[in-house]
1. Go through THR276, THR280 for me and flag whichever is surrounded by fewer than 19 Cβ atoms within 10 Å (Cβ to Cβ), within 17 Å of the chain's Cα centre (by Cα) and either without any contact (Cβ under 8 Å) to a residue 12 or more places away in the chain or under 18 Å from ALA75 (Cβ atoms) (or both).
2. When you look at LEU318, is it modelled with pLDDT of 80 or more and surrounded by fewer than 19 Cβ atoms within 10 Å (Cβ to Cβ), yes or no?
3. How many residues does segment 99-138 contain that are part of a loop (DSSP other than H, G, I, E, B) and without any contact (Cβ under 8 Å) to a residue 60 or more places away in the chain?
4. With ILE160, ILE199, ILE143 as the choices, which residue is touching a Phe, Trp or Tyr at 6+ places or on another chain (Cβ under 6 Å), among the aliphatic types (A, V, I, L, M) and part of a helix (DSSP H, G or I)?
5. Restrict the check to segment 175-186 and report whether at least one residue is under 30 Å from SER93 (Cβ atoms) and not acidic (Asp, Glu).
6. Would you please name the residue that is surrounded by the most Cβ atoms within 10 Å (Cβ to Cβ), looking only at residues in segment 125-139 that are among the hydrophobic types (A, V, I, L, M, F, W, C) and within 11 Å of ALA251 (Cβ to Cβ)?
7. Of all residues in segment 213-251, which are closer than 22 Å to LEU146 by Cα and outside any helix (DSSP H, G or I)?
8. Output the residues belonging to segment 145-179 that are touching a residue at least 24 places away in the same chain (Cβ under 8 Å) and charged (D, E, K, R).
Amino acid sequence: MPTIDLDDAHDTDNTDGTSTGGFAVLTEPRPPRRRRLPSLGRYTGVVTALVVVCVYLGATQSVFLTWGNITNIVASNSVVLVLAIGATFVIISGGIDMSAAAATAACGMMLGVALREGLPAPVAILAPLVFGIALGLVNGLLISRLKISFLVVTLGGLSIWSSFSLVVNDGATISVFSQDGFRPLYRFVNDDVAGVPYIMVFDVLLVLAAGAVLRYTSFGRALFAVGSNPEAARINGVNIDRVVLATYGVAGLTAGLAGLIQVGRLTGAAPSVDPTMLLTVIAAVLIGGTAFSGGEGGVLGTVIGVAFLGVVSNGLTLSEVSAFWQGTVNGLILILAVATGTARDRGWFRRPLPLRRARSADPA
């Protein structure tokens, strides 16, 4: 039976736009509100999976939860994390960079050449960073100014920079371990302070900086706008060409940083491109909740995605599973992540809304 809601006995507007005229209105009794369970949003699935895998490995592998193994996971996945941060920017903008792994190898070779020629450490370290930014800006110019598809441009870059890495030193690795200019980079990538690796500190600072750019800067807001609806962004005054150019410049910078870290870990500049690197980077970004169609995502999700893939890889190694299965696992996880994101976007995981009772006056 309808009741009189005395709280509405004042001159306000109903939700349908009509005025109550200052009189009490008849309303249906309001059902008690249900408390919503805490949710991690788009991170729920991957966080749950990460926790389950960590619990299982912690129970079955005695060394998994040791500090040494944790720092090993961080160090071995730093290159993937750095590249994934750049890929996050690109995918949020609605594009994708297929040349990231090849650009990393090319930047590493530039570092190897600089160290071999005896350049001072600051100059040698700066060389791959500048080279990486230049590669990214070239991609951005071709995509934004000439309107060439990002797939065509970055696939072409994948081929070009893979070949460039081989040509630089006739396909041979440049050993830099004995070079004086390599020592600061080696210490940065491999040493620690009070048990905390320098590379872990660097990763944290890089993640914070990237997150701040996406969240608090006009460039970050424009990036989401371009990825969500380019035409609406253009109407609202966003310079789409400039945003795309800057985005691929960021991706190029991360390729340069990844090249530095890779050479520091390997103590040599290798011309070969890891065939699983690109898949792992893209999988980490998509697993972390960044939408493949653009306009949605973030650095936190990418960190979770990298952590998940890193833990799975480490778990396979500790369990003495053949490394040949790593690509299969990453591919299956990537397909599952994209399928889950698609299902979430289409509302397949949402609960159906309860049917609302029609409000009607009591005939009595």
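1. Result: THR276 is the single residue among THR276, THR280 that is surrounded by fewer than 19 Cβ atoms within 10 Å (Cβ to Cβ), within 17 Å of the chain's Cα centre (by Cα) and either without any contact (Cβ under 8 Å) to a residue 12 or more places away in the chain or under 18 Å from ALA75 (Cβ atoms) (or both).
2. Spelling it out, LEU318 is indeed modelled with pLDDT of 80 or more and surrounded by fewer than 19 Cβ atoms within 10 Å (Cβ to Cβ).
3. Matching residues across segment 99-138 total 1.
4. ILE143
5. Looking for residues that are under 30 Å from SER93 (Cβ atoms) and not acidic (Asp, Glu), one finds none in segment 175-186, hence no.
6. The residue in question is LEU135.
7. ASN229, GLY237, VAL238, ASN239, listed by residue number.
8. ARG145
The values are calculated or read from the model by the stated rules, or taken from the named source; none is laboratory data. Small disclaimer: the values here were computed from a predicted structure and weren't measured. Counting neighbours? That spans all protein chains shown, and the Cβs are built from the backbone with ideal geometry, glycine included.
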